[in-house]
Amino acid sequence: MIKNISKKYLFILLLIGVLLPYSNTLRNGFTWDDFPLIEKDERIRGTGNIPHIFSSDFWPSGGGTDEKLGYYRPAVTVSYLIDYSLWGLRPRGYHFSNILYHLIATLLLFLILDRVCKNGQAAFYASLLFAIHPIHTEAVAPIWGRTDLLCGLFYFASISMYLLSQKNIIHYAISPLFFMLALLSKEMAISLPLAVIGCDYMMGKNFGPNGNLRWRRYLGFAVAVAIYLGARYHAMGTLLVSRNSEFLSWPQKICLMMASAAFYLKSFYLPLKLNAYPVFDVNNGLSLFLKTTAVIVAFATVVTMLSRKKKNLTGLAFAGLALIPVLWPGSVGGVTAAERFLYIPSAGLCLFTIQSMEQLPFIRERGKLAICIGAILLALIAVRTYVRNFDWENDYKITVKTIDASPKAVFPRLNLAGHYERLLKYQDAIGQYHKVINCSPNDITAYFRLAYLYNVMGAKDSSLVYYNKVIELNPSFAFAYNNMANIYFVERNNSMALYFFKKAQQFDTAGTIIDPYSLGQVYLFENHPDSAIKYLSRFADKNNNIAHCYLLLGFAYKMYGDSQQAIRMWNKYIDLSQDIEMVEKIKNKIKEIQ
């Protein structure tokens, strides 16, 4: 049936396959990581920031530290910059871009499969399944899922150009460039050279008479990796940061890898209850091992039964290669597994599924009936995707859905607590933060927010207890020291306030956390007029209409022995102040000095 249809019309069908299930995402707002990566990231506000984007972490560090999180993805940030120049902060435009990227990735995948498999029908149905599969909602529906979208787009573009390079040397030169863009979108693209070698093997190309691989043809990819690693090291100061498994034993790591693999298989073949933030209990290793082993063995059994031809394992091999970077326990990031990680590997699973189904006797013997049943299944899959997109409608909705699916997940509970904070429901927020600590006893964010909320509610002693816990977990957390200093300052315990301000200064390498106005007052009250003048003057330079600052500067200069400057500051205070009684007192002081 598909064999007689022009590629132009197949492209149109794939276009419809992308647009129909994802059209409702255009109504979605910002969620989760969109807020720090788009709303609050000043780097996307202008093209002049592009050099800074390529020389900094994907997530700008905070808390007065220089900590880098291990993500180097400037291509994604530049895409946000382009969207911002077109749409401002209107989410609809960003969602439109995500749909467009998914469409391009789907069309490129079709071209690759059609050329490698030499089976247009399998290539089309596999690409259509890729277009509509609900496992991709986490990559397409939230804007921040774009890391996987762009990585997939450039990944497929690189392979497509490489396959065309047999006829045109220009395509060979372009392929490594797309590979580099894929790496600059997400680290997992590092598996691409293996995928290219696999394509050559399937097509019987680039192998000598004795089956020896001709390595020279892949030198362009090696150069691309070298340039990427150099840029990454320049920006990050390191090539890789391992965060999610550094405290696990090797048996736990292996168990975690198996659990992740089982999660991906289950999510792909049974996408009924999707989970944006799965949690695996490696401390209960035996139970987790048995469950995951059962899933993997069942899948392996089905593979053995369905794969009568070795070429039918092509898709499965590709999926395995593409998954290596995210299954490996030393991979970058704090997330163990996620649906969006399957964006590129799922292309292989789609191909394997379609090729396996083509081998079924029922499909061969009852062509028209099989086509009808297949069409119904594809329609149901598309509907599942459409429905799942509604879960990503707003931040609160996807957070609650994720907590329902994964009660022990930390991030969604932190997000829900933040939602309650914005609504001024502090007790509800505190309850969520305590649940976070129950799941993750050393979660520094939960302790920090608890300290902040107790301070807002007037429970200073409780606030200090939690700030001390924060410092115990991270002795260089400048914000915690600064906030403790402010509590002591309000309580008029100036010696303690000064101690914690100095600790904050020690770790505030950017010099942006401490309020010079508060610090200047503490120095004044502790009889350090020179330091008081330094910080109060710094504040006055940026806030020249704050009368009280000039009042304090006058006292600081008086204490320092500079009467003329004291009078000058007090005269500024008199000009700005509305406090008639205090103005009269200061006028009398000026007369006394004169």
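The values are calculated or read from the model by the stated rules, or taken from the named source; none is laboratory data. Everything numeric in this text was worked out from a predicted model, so none of it was measured. Cβ: placed from backbone, ideal geometry, glycine included. Neighbour counts: every protein chain shown.
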Any hit, the range 66-79, residues being free of Cβ contacts under 8 Å to residues at least 24 places away in the same chain, closer than 26 Å to residue 326 by Cβ and of a type outside the set (A, V, I, L, M): yes
Which numbered condition residue 591 misses (of (1) part of a helix (DSSP H, G or I); (2) closer than 30 Å to residue 471 by Cα; (3) not β-branched (Val, Ile, Thr)): (2)
Evaluation of residue 512 against (1) more than 22 Å from residue 483 (Cα to Cα); (2) part of a loop (DSSP other than H, G, I, E, B); (3) in contact (Cβ under 8 Å) with a residue 12 or more places away in the chain (one fails), failing number: (1)
Helices (runs of 4 or more DSSP H) lying entirely in the range 201-316 (those with 1 or more residues that are at pLDDT below 65): 285-306
Selection count, the range 458-516, where residues are surrounded by 14 or more Cβ atoms within 10 Å (Cβ to Cβ) and of a type in the set (D, E, K, R): 6
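Quick grid of which residues meet (1) in the same structural domain as residue 280 (by TED's automatic domain parsing); (2) under 28 Å from residue 336 (Cβ atoms); (3) not charged (D, E, K, R):
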{"site": "416", "(1), (2), (3)": "no, yes, yes"}
{"site": "429", "(1), (2), (3)": "no, yes, yes"}
{"site": "435", "(1), (2), (3)": "no, yes, no"}
{"site": "442", "(1), (2), (3)": "no, yes, yes"}
{"site": "449", "(1), (2), (3)": "no, yes, no"}
{"site": "453", "(1), (2), (3)": "no, no, yes"}
{"site": "461", "(1), (2), (3)": "no, no, no"}
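One line per residue, one yes/no per condition, for (1) surrounded by 14 or more Cβ atoms within 10 Å (Cβ to Cβ); (2) more than 24 Å from residue 95 (Cα to Cα); (3) modelled with pLDDT under 80:
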{"position": "346", "(1), (2), (3)": "yes, no, no"}
{"position": "350", "(1), (2), (3)": "yes, yes, no"}
{"position": "358", "(1), (2), (3)": "yes, yes, yes"}
{"position": "370", "(1), (2), (3)": "yes, yes, yes"}
{"position": "375", "(1), (2), (3)": "no, yes, no"}
{"position": "379", "(1), (2), (3)": "no, no, no"}
{"position": "382", "(1), (2), (3)": "yes, no, no"}
{"position": "390", "(1), (2), (3)": "yes, no, no"}
Total residues in the range 554-594, condition of a type outside the set (D, E, K, R) and free of Cβ contacts under 8 Å to residues at least 24 places away in the same chain: 11
Checking residue 170 against (1) in contact (Cβ under 8 Å) with a residue 24 or more places away in the chain; (2) under 24 Å from residue 224 (Cβ atoms); (3) in a helix (DSSP H, G or I), the condition it does not meet: (1)
Check on residue 164, surrounded by fewer than 21 Cβ atoms within 10 Å (Cβ to Cβ), modelled with pLDDT under 95, farther than 27 Å from residue 8 by Cα and of a type outside the set (S, T, N, Q): no
